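Please treat every number below as a calculation from the coordinates, not as lab data. In this text, all values refer to a predicted model and were calculated from it rather than measured experimentally. Note: ideal-geometry Cβ built from the backbone for every residue, glycine included; neighbour counts use all protein chains shown.
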Amino acid sequence: MNKKRISIIGLPRSGTTILANVLNSLDDTICLSEPLWTFFKFGRLRNIGKVDFSEHSKELSDFLPSIYETFKESEYTNLCVKETYTDWHQESVETIDETFPTDYTIFIIRDPKTTYSSWKNIKWTYGAPVFASGRFAKIKYFIDSFVVFNSYMDSKLKSNENALVLEYEKLASEDGLAYLKEKLSGIVDIPLDLELKNIKNGIGDPKARISTHIEKYRVEHDNLTSEESARCEQLSNDYSNYYRQ
């Protein structure tokens, strides 16, 4: 059986979790959501799901390789690792590059203004509770992370023929499954009648709220200041080859 390793990378609130849930709803696929973030935070995976990975290596350099060795003995075909990319926490994606050579890299992107509108509303935790009014929700940290993520994505797309980009807006549309089926053809098979499962185990931080809900596209962005809106629009212009105008 041809086993595949797939990485999924995006900014927080860009749609990485819903994509992980779609993939976890497939019978032949395991998608671990932020296993490296969980490893950095707890030193081990918790709430193991489809496969028991609890005997993974406690050494960072061997963590993902040991997970892959366990996966190879399972009945599943595809092992996906999903991580979010931020300016203040780049170690997870760097560890994937260094220790987990993937067959495919999937980036998911979302309109900057809508991403930041959602980003600004969430409760951030980074070692200790930091609420939406905290520093990680400020526009500076979003822009820094946006630039770092897009530079990384651009370099990967230029150097890796097996890297591709998914757009959240198309994933969230009524034809989202058809869009995924076309974009992921040859990587995973997406049935058009797929029912999303509420996967709660084995996909990351056990305190995280896992949902299959797709947030509808917000056009009002009523939680943003005029300056924040303008700066997000500038990001769309600066990276117009990826983002809708």
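Listed highest first by mean packing, meaning other Cβ atoms within 10 Å per residue, what order do 105-112, 61-68, 230-237 come in?
105-112, 61-68, 230-237
If amide H atoms are built 1.01 Å from N in the plane of the peptide, which residues on other chains or at least 5 residues away come under 5 Å of the amide H of SER74?
Residues meeting the amide H criterion: none.
Give a residue-ordered list of calculated ³J(HN,Hα) values for the range 88-96 (Karplus: 6.51 cos²θ - 1.76 cosθ + 1.60, θ = phi - 60°; whole Hz; x for Gly, Pro).
8, 8, 9, 4, 4, 5, 4, 5, 4
Amide H of ILE8: which non-local residues (sequence gap of 5 or more, or other chain) have their own amide H closer than 5 Å, using H built in the peptide plane?
VAL81, LYS82, GLU83, ILE106
Hey, got the dipole for the range 55-120? About the Cα centre, +1 on K and R Cβ, -1 on D and E Cβ, debye to the nearest 20?
540
Take every DSSP beta bridge with both residues inside the range 1-98 and express the antiparallel ones as a percent of the total, to the nearest 5. Kindly include the intermediate steps, with their values, before the conclusion.
Numbers: 1 of 13 bridges.
In the range 1-98, DSSP labels about 10 percent of beta bridges as antiparallel.
Which order do peptides 176-182, 2-8, 72-78 fall in by mean Cβ count within 10 Å, highest first?
In decreasing order of mean packing, 176-182, 2-8, 72-78 become 2-8, 176-182, 72-78.
Enumerate the calculated ³J(HN,Hα) couplings along the range 140-154 in order (Karplus 6.51 cos²θ - 1.76 cosθ + 1.60, θ = phi - 60°), each rounded to whole Hz, writing x wherever the residue is Gly or Pro.
Whole-Hz 3J(HN,Hα) from phi for the range 140-154: 4, 6, 5, 4, 4, 5, 4, 5, 4, 4, 5, 5, 5, 4, 4.
Provide, as a two-decimal number, the C-alpha radius of gyration of the range 43-94 over 2.2 N^0.38 Å, N being how many residues it has.
1.23
Can you sort LEU196, LEU36 from fewest to most other Cβ atoms within 10 Å of each residue's own Cβ?
Numbers: LEU196 15, LEU36 25.
If I rank by nearby Cβ atoms, fewest first, I get LEU196, LEU36.
Scattering from the C-alpha atoms of the range 134-174 alone, worked out with Debye: what is log10 I(q)/I(0) at q = 0.14, 0.20 1/Å?
Normalising to I(0) and taking log10 leaves -0.49, -0.78.
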